[in-house]
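Let me give you the structure first, and then I'll get to my questions.
The values are calculated or read from the model by the stated rules, or taken from the named source; none is laboratory data. Because the structure is predicted, anything quoted here is derived from the model rather than measured. Note: ideal-geometry Cβ built from the backbone for every residue, glycine included; neighbour counts use all protein chains shown.
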């Protein structure tokens, strides 16, 4: 059975002979435990929720007659889950037989690596989502009927059977999403994990300041 974080830190991050070391060690051990446990719990919940949501999207997409969108989003969501579950294994492999400070520092390094990987993926994820939506609706018979009702007898400018302006517009949006995909991910990240990341930075800064003064 894997040992809990509560049982692995037998020493704190300050020298034992420091006047207030026992109290500070206990305080920051508790803070570290809270941060890491809360993140792990939220991370696992979000991954499981993404799997459930992928099945919901798939089923709903077939009901509303846009199966292509459902299949493409199902593939995307589960790919994201697989990648992040592999990253989570890296967190579980961090050496636990160290002080709370060193473990929290390793956790911070893992977090930065995980964010970096997901930011790189986001440059492809958001364009993929947009193209999946376009493809899903394009291959829907209801969508074709809707276009006919809206535009009537409008005929797109075609070159070799390709609607040029439509393609250029889609390409422009795809490029924008690829450029700003990382920023969009950081915005999403701050909404979900912003408080935890802020507490992590503050706790590490406090610990490093106290270590330097002892």
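List, please: which pairs have Cβ atoms under 9 Å, are six or more places apart or on different chains, and start with a residue in the stretch 36-55 that is surrounded by 13 or more Cβ atoms within 10 Å (Cβ to Cβ) and end with one that is outside any helix (DSSP H, G or I)?
37/4
Where in the stretch 47-156 are there helices (runs of 4 or more DSSP H), lying wholly inside it, with at least 3 residues that are in contact with a helix residue (DSSP H, G or I) (Cβ under 6 Å, 6 or more places away or on another chain) and either modelled with pLDDT of 80 or more or on the phi < 0 side of the Ramachandran plot (or both)? Break it down into steps so the answer makes sense when it comes.
Values: elements: 67-92, 100-138, 141-151.
The qualifying helices (runs of 4 or more DSSP H) are 67-92, 100-138.
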